[in-house]
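These notes concern the structure reproduced below.
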Amino acid sequence: MVAGLPADGQKTHAQTRPATGIVHLGLGAFFRAFGCVYIADAMAASGGDWGIVGVSLRSPATRDALRSRDWSYTSVSLGPDGDKLRDMTILNDVLVAPEDPAAVLAVMADPAVKIITLTVTEKGYCHNPATGALNLDHPDIQHDLVHGLPVSAPGYLVRALAMRHAAGHAPFTVLTCDNLPENGKLVRGLVLQLAAQIDPALAGWITAEGRFPSTMVDRITPATTDADITRIATLTDMIDAAPVMHEPFAQWAVEDNFVNGERPDLEAAGVEMVRDVTAHEHMKLRMLNGTHSALAYTGYLAGHQTIADTMADPVFATYARALWAEIMPAVTAPEGVSLTAYAEALFDRYANPAIRHRTWQIAMDGSQKLPQRILGTLRENLIEGRRTDGLCVAVAAWMRYVSGTDEDGQPIDVRDPLANRLRDLAAGQPNPADVVTAILSVEDIFPADLADQLRGPVTKAAEKIWSNGVRAAVQGVTS
Ligand code: CS2
């Protein structure tokens, strides 16, 4: 078996590739398991030149892994009736931005490119998670304000739009696929804020001509492991260093608002094209991502490796149901959707034992995730006098998690842009109430009025966790 050479001697797919119409920023597993699949289906149904150039904004690892198969990779759906493998040939090239930022700008500025898709994770937008405004003090934004060759995602968008403006080309559509509330509106605001600092005329042009549809994206896609690579090699008799593993389920809702209406035939691939995606987004962020984060912090602290392991523990299965009961009153169902059925489906998706989605992976970047996943629901439930105990246990468990030591006294590898600050705030506090007060003072996460309201109930949950353990605290939450 030789890397890059299929055992049966098939040709690579260079000859059959569609021309590039999309540049994707942030080429992780998720977009390759999700957007690439939908876009390939759209082209299979209706044609079009929607090949994709992927860009990694930081590490060369994905590019290096994909290179040996000439950017093709296997997408593996892990269902109850076994694995379904599909060879994906939609990527035309993969660039690593820090190696050659000018090459990235050049392809983004190419008028044949109509859409820039993004999955750069919450922190990649360099915004303040509590307010949604661009963080002008962020080192990457500071850099991008003065240098023509950017480092941040907003920087790439603005500099490439400037090149298109200067050349008299239409702008591209910016299609963000990150789990942020009203993500299109958010990224539009960030791009306009940065553009206004660089060139007010550019900002005016983007305001008039730019399009930033919001989207709701959903497919559970754990990070690929070495064991996955070995297993897929055995199944295919071919070494693929970059397969993607995902659940069978996928849902994509997109606002139909593209520059000159130019886009793949997404409907043909099953995408819901809608006028306003807010209801879908809120439902997904609060009911899926909110409970995912809650189960990640509590499950991790209770010693569970994956979400499926966590759900196999009856105490946590009951907790998950209690969380959905708590969250549902703060969600307006999209037309034709039953929230109860949505929650039931989530239960089954989480319990899928073939999906090894590590609690540690989901626990990353909590400071960037909590506001839209959990705090919005809490705020509304507090105002309406509804239950908040399940989500307060989740917030307290996150505080315990970011303090950096687990319930056995072992260090936790906390990955979060605010990790050091949060750990220092927690360190040396004499009791859980003080940890809660210290962490609630971080206004990038907790606006002051919300912090005041949360202090009492989160302290109560923290006291339970610190004295009896997270399992007991979770057990105390019943719907
Ligand atoms: C997860 C998401 O890692 C996380 O924070 O909650 O990646 C989640 O799996 C997806 O949003 C599902 O669509």
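Can you find, within the range 212-226, the residue that is farthest from Pro248 (Cα to Cα) among those that are more than 7 Å from the ligand (Cβ to nearest atom) and open to solvent by less than 30 Å² (accessible area, probe 1.4 Å)? Taking the candidates together, the pick is Phe212. Consider the range 60-100 and keep the residues that are among the basic types (Lys, Arg) and part of a strand (DSSP E or B). The one that is most open to solvent (accessible area, probe 1.4 Å) is Lys84. Count of the range 146-169 residues, restricted to those that are of a type outside the set (D, E, K, R), surrounded by 15 or more Cβ atoms within 10 Å (Cβ to Cβ) and closer than 16 Å to Cys126 by Cβ, is 9. Residue check: Lys123 meets all listed conditions (1) farther than 18 Å from Val23 by Cβ; (2) open to solvent by 30 Å² or more (accessible area, probe 1.4 Å); (3) touching a residue at least 60 places away in the same chain (Cβ under 8 Å); (4) assigned to a loop (DSSP other than H, G, I, E, B) but one, namely (4).
Answer with yes or no whether Leu422 is assigned by TED's automatic domain parsing to the domain that holds Met364, open to solvent by less than 70 Å² (accessible area, probe 1.4 Å), in a helix (DSSP H, G or I) and within 15 Å of Gly366 (Cβ to Cβ). The answer is yes for Leu422.
Listed residues Asp416, Asp389, Asp365; which is within 16 Å of the ligand (Cβ to nearest atom) and touching a residue at least 60 places away in the same chain (Cβ under 8 Å)? Even if it seems obvious, please write down each step before you answer.
On the way: Asp416 fails: touching a residue at least 60 places away in the same chain (Cβ under 8 Å); Asp389 fails: within 16 Å of the ligand (Cβ to nearest atom).
From the options Asp416, Asp389, Asp365, the qualifying one is Asp365.
Selection of the range 328-359 for residues being open to solvent by 20 Å² or more (accessible area, probe 1.4 Å), more than 10 Å from the ligand (Cβ to nearest atom) and in a helix (DSSP H, G or I) yields Met328, Pro329, Leu339, Thr340, Ala341, Tyr342, Glu344, Ala345, Phe347, Asp348, Ala351.
Annotation: of all residues in the range 302-317 being aliphatic (A, V, I, L, M) and not in a loop (DSSP other than H, G, I, E, B), the one that is farthest from the chain's Cα centre (by Cα) is Val315.
Only one of the listed residues (Ile307, Ile374) is within 28 Å of Val274 (Cβ to Cβ), open to solvent by less than 50 Å² (accessible area, probe 1.4 Å) and within 15 Å of the ligand (Cβ to nearest atom). That residue is Ile374. Say we look at the range 377-403 and pick out the residues that are farther than 14 Å from Gln453 by Cβ and of a type in the set (A, V, I, L, M, F, W, C); which of these is surrounded by the fewest Cβ atoms within 10 Å (Cβ to Cβ)? Only one residue tops the list, namely Val402.
For the range 250-266, the candidate set comprises residues that are of a type in the set (A, V, I, L, M, F, W, C) and under 16 Å from the mean Cα position of the chain (by Cα); within that set, the residue that is most open to solvent (accessible area, probe 1.4 Å) is Ala250. Output yes when any residue across the range 233-246 is without any contact (Cβ under 8 Å) to a residue 12 or more places away in the chain and either within 16 Å of the ligand (Cβ to nearest atom) or of a type in the set (S, T, N, Q) (or both), and no when none is. Scanning the range 233-246 turns up at least one residue that is without any contact (Cβ under 8 Å) to a residue 12 or more places away in the chain and either within 16 Å of the ligand (Cβ to nearest atom) or of a type in the set (S, T, N, Q) (or both).
One residue stands out among those in the range 257-289 that are in a loop (DSSP other than H, G, I, E, B) and out of contact with any helix residue (DSSP H, G or I) (no Cβ under 9 Å at 6 or more places or on another chain): the one that is nearest to the ligand (Cβ to nearest atom), which is Asp276.
For the range 102-114, a tally of residues being closer than 16 Å to Ser56 by Cβ and touching a strand residue (DSSP E or B) at 6+ places or on another chain (Cβ under 9 Å) returns 4. Which residues, counting only those in the range 132-149, are assigned to a loop (DSSP other than H, G, I, E, B) and of a type in the set (S, T, N, Q)? Answer for the range 132-149, where residues must be assigned to a loop (DSSP other than H, G, I, E, B) and of a type in the set (S, T, N, Q): just Asn135. Residues in the range 434-479 that are among the polar types (S, T, N, Q), assigned to a helix (DSSP H, G or I) and either surrounded by fewer than 19 Cβ atoms within 10 Å (Cβ to Cβ) or not assigned by TED's automatic domain parsing to the domain that holds Glu380 (or both): Thr437, Gln453, Ser467, Asn468, Gln475.
For beta carbons closer than 6 Å, sequence separation of 6+ or different chains, a first residue in the range 195-213 that is among the charged types (D, E, K, R) and a second that is open to solvent by 60 Å² or more (accessible area, probe 1.4 Å), the qualifying pairs are Arg211/Asn257.
The values are calculated or read from the model by the stated rules, or taken from the named source; none is laboratory data. None of the values given here were measured: they were computed from a predicted structure. Please note: Cβ atoms are built from the backbone with ideal geometry, for glycine as well, and neighbour counts cover all protein chains shown. The area values use the complete protein model at the heavy-atom level, side chains included, leaving out ligands, DNA and RNA. Shrake-Rupley method; radii C 1.70, N 1.55, O 1.52, S 1.80 Å.
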